[in-house]
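In what follows, a single structure is set out as C-alpha cells and then discussed.
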Amino acid sequence: MKKYFSLKMRKRATGMISATLMAGLLLTGCGATQTTKPAETASSSGDTIKVGILHSLSGTMAISEVSVKDSEMMAIDEINAAGGVLGKKIQPVIEDGASSWPNFAEKAKKLLQQDKVATVFGCWTSASRKAVLPVFEENNGLLWYPVQYEGMEASPNIFYTGAAPNQQIVPAIDWLFKNKGKKFFLLGSDYVFPRTANKIIKAQVAALGGEVMAEEYTPLGHTDYSTIVNKIIASKPDVVFNTLNGDSNVAFFKQLKDAGITSEDLTTLSVSVAEEEVRGIGAANMKGQLVSWNYYQTTDTPENKEFVKNYKAKYGADRVTDDPIEAAYDAVYLWAAAVKKAGSTDVAKVKEAAKGIEFKAPEGLIKIEGENQHIWKPVRIGEVTEDGLIKEIWSTDKPVKPDPFLKSYDWAKGLSN
Amino acid sequence: MGTYILQIFNGISVSSILMLAALGLAITFGLMKVINMAHGEFIMIGAYVTYLVQNLFIHLDKSLFGLYFVLAIPASFVVAAFIGFVLEGTVIRHLYNRPLDSILATWGVSLVLQQLARSIFGAPNVDVKSPGWLEGGLVLHQGLQLPYKRLFIIALVITCILGMFVLLYKSKTGRRIRAVMQNREMAESMGINTRRVDAYTFAIGSGLAGIAGCALTLLGSIGSTLGTNYIVDTFMVVVLGGVGKLIGTVAGGLFIGTANTTLEFYTNTSLAKVLVFLLIITFLQWRPKGLFNISSRSLDE
C-alpha cells in the first residue's frame, strides 16, 4: 500500500528482485531433491506449528497494524480452539517491525532462519513488503500480505489477500463515471502507491473520455490543506479521488468541511480510509463521502455477523473491523485450509494446495487465484454514515478475478512495465 | 478574486498555527540552548488532554458540551507544563551546554512519550468533536467562507503572544528570564536563582506547546505521532526568527506560513516546501542568527 521508492528506483528494485529471484530459483532447484527440508521438521515439530506475525507494533504505522495483528491472533485462537491444523496447535511468534523497513527485513530473516516458522502473516506498507520480499524468496518462506496495494507484483513467495487495483480502484472509477461525473481531481500522498494508482486512473479516465483537472501530492504527515481545498474550489471538479494516507486524511476532511464543503457539494472517494480511519477523522467530518473496498463492518453475511461479534467480544465493544483487518483474518484461515489440504506445512506443497482454495469469509465467498496468488474478491462502494460505519451502496454480484498487472484492460497497456 | 482573498487568509492562518507551535520552543531554546526534540510531544499531550476533557463533558450534561473547549485550553496548558517541569527536573537539567547529548536524549524522551500515548490511548487516532460554536464560518460572499476555527486560532495566538509579551517584558519573572537569557553568569552573580528560572521557563514553554496541541485538535489528527508532523516547521520558525525574541517567532512564523501557502498555490505542496527551505537556507547564509537576535555582551558567543 505504501511505498517510498521513486518510480525509477522501483524499476531498479524490480531488476534486483528478479535477480535475487533467479538466484532463489537456482537454490531451490538444487535443493528440490531433498524430501524433508529442515524448515519443515522444525516448524511443525512436537505438538505445535510455529507461525510468524510481523507487523509494526510501535512507530508511525502502529496506527494501522496493531488491529491487523489482533485480527490474526483471533483467527489463530479460533483455529486452535477448533483443534488446530494437522492435529497440532498453531503457535504464533510475534515480531515488531517498528515502522522501519530494514527492521522488517531483519525480523523476517529471524523468523525464517531462527524460529523456522511455517509461514508469516505480516506487513502493511508496500515499502515493508518490498523490504522483506527478497528475504522470503531467498529463504523460500511464505508471506501472507493483507492490504490493498498498487499491484504490478506477484512474488511466488507471497499471497496477497488484499485487493489488487482492478478490485478497488478501477471499478470505483467506472462507478464514479456512471454516477457522479467526468471531471476528476486527484489528491494523494507523495510516494509510490498514490502515484502508481493515479497513473492507472489517468489512463482509465482518458480511455473513458473524462478529464483529470489536477493532480496534487502532499508529503506524508502533511497537516494543512487550506491551499489544496482552495484549489479544489477553484477548479470545480465532479469528484476528488483521494489516495492520501495516514494522518493527512484527518486534516483534509476536517478542513474541507470547515471551508463549507460537504458531500452534497462535492463527491470524494477514498481508497485508504476504512472504518478505523473514519473513527480518527470523526464521522461528522466525513458523513456522506464515498470509499471503495471489498469489505465493511456492515457487510451482510452470516460469517461477518459472527466475525464482528467475536472481534468486539475479544477486543472491546468500541473497536471496529475493516477491510485490512478482515483480509488478515482470511489469510490465516486460507493458510490453514491449504495446510490441511497439503497434509504438510512445506512451502511448495502448501502453495500447490492453495490454488483454487475457497473460504466463506466475512466479505463473502473468496478464492485463491493460483496464477498470481491473489484473491477473488467482491468489490463494494460504500458511503460513510453518521455513526462512523460504512454503508454499502453498490457491489459486484460476483467475486472479481484479481489482475495485478491489469492485463485484461486495453487502456492499461504500457503501465505494467 | 475570492480565491486570492481566501489564499491570503490561509497564509495568515497557517502562520498563526506555526507561531503557536513555535512559541514555547523559542523560549526554551532561547533560554537554555537545549534543542528539545520532545517539543512536539508536548503538543501531542495538549491534544490528548483536550480529548480527555471532551470525554469528561460527554458524560456530563449535553447542554454544557460546547463549553468543554474553553476548559480544555487551560487544562492542556497545566498538564503539559507539569510534565515539562518534571522532565526538566529529571532529564533536561543534566544536559545544559551539551547540545548533541540533548538532541539524542530529548529525542529518546519523545519516542518514550509517543509509545506511552499509544499504550494508554491505543494506536489509532482518536476523534475530538469541535464545539458547535466553532462549526461553520464567516461567509463573506458566495463561495468565500472564513472558518470560525481558523479565526479562533488566530485570536488565540494573538492572546498567547500578548500574554507572553506581558510576562517577559512587564513582570519581575520576565525580567529574570531575560537576564538569564542574556548572560547566565552575570544573572547568577546578581542573585538570580537560575535553576528555578530554568525550571519554570521550561514549564511555561511546554505549557504553550500544550495549548498549541489543544488548538490543533480543531484542524488535524489526534494520535501519538501528532507532534512529529509539526516539529520540523516549528524548528524552522525558531531558527529563522532568531532565538529568544518574541518578535522573531512572529516574523518567522509569518514568513514561513505565507511563503508556504503562496508557493503551494502557484506550484505544488512538495515543491513549495523545497523552495521555502531554500529561501531560509539562503537567508541564514546572510544572517546566521536569524531575523532578530538578542545582542549580548557575553564573551562566549
Legend entry - Boolean, A:Gly84 is free of Cβ contacts under 8 Å to residues at least 40 places away in the same chain and closer than 14 Å to A:Val51 by Cβ: yes
Inset, instruction - Please specify each residue of the range B:220-240 satisfying the condition of being farther than 23 Å from A:Ala62 by Cβ and either at the interface with another protein chain (Cβ under 10 Å from one of its Cβ atoms) or without any contact (Cβ under 8 Å) to a residue 60 or more places away in the chain (or both). - result: B:Asp233, B:Met236, B:Val239, B:Leu240
Inset, instruction - May I ask you to list the residues in the range A:198-216 that are open to solvent by 20 Å² or more (accessible area, probe 1.4 Å) and within 13 Å of chain B (Cβ to nearest Cβ)? - result: A:Ala214, A:Glu215
Inset, instruction - State all residues of the range A:107-125 that are of a type in the set (A, V, I, L, M) and either in a loop (DSSP other than H, G, I, E, B) or within 18 Å of the chain's Cα centre (by Cα) (or both); if no residue qualifies, say none. - result: A:Val117, A:Ala118, A:Val120
Inset, instruction - Could you tell me which numbered condition A:Phe136 fails, if it satisfies all but one of (1) free of Cβ contacts under 8 Å to residues at least 60 places away in the same chain; (2) over 24 Å from A:Lys349 (Cβ atoms); (3) not in a loop (DSSP other than H, G, I, E, B)? - result: (2)
Legend entry - Condition met for B:Arg178 (assigned to a helix (DSSP H, G or I) and open to solvent by 40 Å² or more (accessible area, probe 1.4 Å)): yes
Legend entry - Subset of the range A:56-71 [in a helix (DSSP H, G or I) and within 9 Å of chain B (Cβ to nearest Cβ)]: A:Ala62, A:Ile63, A:Ser64, A:Glu65, A:Val66, A:Ser67
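Does B:Leu140 qualify as being touching a residue at least 12 places away in the same chain (Cβ under 8 Å), open to solvent by less than 70 Å² (accessible area, probe 1.4 Å) and farther than 30 Å from A:Tyr315 by Cβ?
On the way: touching a residue at least 12 places away in the same chain (Cβ under 8 Å): yes; open to solvent by less than 70 Å² (accessible area, probe 1.4 Å): no; farther than 30 Å from A:Tyr315 by Cβ: yes.
No: the conditions fail for B:Leu140.
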Legend entry - Selection within the range B:121-134 - open to solvent by 60 Å² or more (accessible area, probe 1.4 Å) and either facing chain A (nearest Cβ under 8 Å) or over 30 Å from A:Asn230 (Cα atoms) (or both): B:Lys129
Legend entry - Every residue from the range A:72-98 that is open to solvent by 20 Å² or more (accessible area, probe 1.4 Å) and not in a strand (DSSP E or B): A:Met73, A:Asp77, A:Glu78, A:Asn80, A:Ala81, A:Ala82, A:Gly83, A:Leu86, A:Gly87, A:Ala98
Legend entry - Count of residues meeting criterion [within 10 Å of chain B (Cβ to nearest Cβ) and open to solvent by 10 Å² or more (accessible area, probe 1.4 Å)] in the range A:237-248: 2
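So that you can scan it fast, the table gives a plain yes or no per residue for (1) within 21 Å of B:Gly220 (Cβ to Cβ); (2) hydrophobic (A, V, I, L, M, F, W, C):
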residue: B:Gln7; (1), (2): yes, no
residue: B:Met19; (1), (2): yes, yes
residue: B:Ile27; (1), (2): no, yes
residue: B:Gly30; (1), (2): no, no
residue: B:Glu41; (1), (2): yes, no
residue: B:Ala47; (1), (2): yes, yes
Inset, instruction - Give the residues of the range B:123-180 that are of a type in the set (D, E, K, R) and modelled with pLDDT of 90 or more, sorted by residue number. - result: B:Lys149, B:Arg150, B:Lys170, B:Lys172, B:Arg175, B:Arg176
Legend entry - Of all residues in the range B:72-120 being of a type in the set (Phe, Trp, Tyr) and open to solvent by 60 Å² or more (accessible area, probe 1.4 Å), the one that is farthest from B:Met44 (Cα to Cα): B:Phe85
Inset, instruction - Mind listing just one residue for me: the one in the range A:259-276 that is under 18 Å from A:Thr227 (Cβ atoms) and either modelled with pLDDT under 90 or open to solvent by 10 Å² or more (accessible area, probe 1.4 Å) (or both) and, of those, nearest to the other protein chains (Cβ to nearest Cβ)? - result: A:Gly260
Inset, instruction - Specify which of the listed residues (B:Ile204, B:Ile192) is aliphatic (A, V, I, L, M), free of Cβ contacts under 8 Å to residues at least 60 places away in the same chain and either crowded, with 17+ Cβ neighbours inside 10 Å or under 21 Å from A:Met286 (Cα atoms) (or both). - result: B:Ile192
Legend entry - B:Thr50 being touching a Phe, Trp or Tyr at 6+ places or on another chain (Cβ under 7 Å) and either buried (at least 21 other Cβ atoms within 10 Å of the Cβ) or not in a loop (DSSP other than H, G, I, E, B) (or both): no
Inset, instruction - Report, ordered by the first and then the second residue, all pairs with beta carbons closer than 7 Å, sequence separation of six or more or different chains, a first member in the range A:214-236 that is within 15 Å of B:Gly11 (Cβ to Cβ), and a second member that is open to solvent by 20 Å² or more (accessible area, probe 1.4 Å) and outside any helix (DSSP H, G or I). - result: A:Val229/A:Ala259; A:Lys231/A:Ala214
Inset, instruction - Starting from the range A:304-322, take each residue that is β-branched (Val, Ile, Thr) and list its partners that are surrounded by fewer than 16 Cβ atoms within 10 Å (Cβ to Cβ), counting only C-beta distances under 9 angstrom and pairs at least six apart or across chains. - result: A:Val320/A:Lys312; A:Thr321/A:Lys312
Legend entry - the range B:145-157, subset assigned to a helix (DSSP H, G or I) and in contact (Cβ under 8 Å) with a residue 40 or more places away in the chain, residue most open to solvent (accessible area, probe 1.4 Å): B:Phe152
Inset, instruction - State all residues of the range B:241-290 that are over 30 Å from B:Leu167 (Cβ atoms), open to solvent by 10 Å² or more (accessible area, probe 1.4 Å) and more than 11 Å from every other protein chain (Cβ to nearest Cβ); if no residue qualifies, say none. - result: B:Leu275, B:Phe277, B:Leu278, B:Leu279, B:Ile281, B:Thr282, B:Gln285, B:Trp286
Inset, instruction - Return only the number of the condition from (1) facing chain A (nearest Cβ under 10 Å); (2) within 25 Å of B:Cys160 (Cα to Cα); (3) in contact with a Phe, Trp or Tyr (Cβ under 7 Å, 6 or more places away or on another chain) that B:Gly210 does not satisfy. - result: (1)
Legend entry - Search result, residues across the range A:57-87 that are modelled with pLDDT of 95 or more and not aliphatic (A, V, I, L, M): A:Lys69, A:Asp70, A:Ser71, A:Glu72, A:Asp77, A:Glu78, A:Asn80
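Quick grid of which residues meet (1) touching a residue at least 12 places away in the same chain (Cβ under 8 Å); (2) assigned to a strand (DSSP E or B); (3) within 24 Å of A:Ile200 (Cα to Cα):
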{"site": "A:Leu365", "(1), (2), (3)": "yes, yes, no"}
{"site": "A:Glu371", "(1), (2), (3)": "no, no, yes"}
{"site": "A:Gly382", "(1), (2), (3)": "yes, yes, yes"}
{"site": "A:Lys391", "(1), (2), (3)": "yes, yes, no"}
{"site": "A:Phe405", "(1), (2), (3)": "yes, no, yes"}
{"site": "A:Trp411", "(1), (2), (3)": "yes, no, yes"}
Inset, instruction - Filter the range A:145-168 down to the residues that are more than 15 Å from A:Lys407 (Cα to Cα) and of a type in the set (A, V, I, L, M, F, W, C), then identify the one that is surrounded by the fewest Cβ atoms within 10 Å (Cβ to Cβ). - result: A:Ile158
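The values are calculated or read from the model by the stated rules, or taken from the named source; none is laboratory data. Computed from a predicted structure; not experimentally measured. Every residue, glycine as well, gets a Cβ built from its backbone with ideal geometry; the counts of neighbours run over all protein chains shown. Heads up: the accessible areas ignore ligands, DNA and RNA and are worked out on the full protein's heavy atoms, side chains in. Shrake-Rupley method; radii C 1.70, N 1.55, O 1.52, S 1.80 Å.
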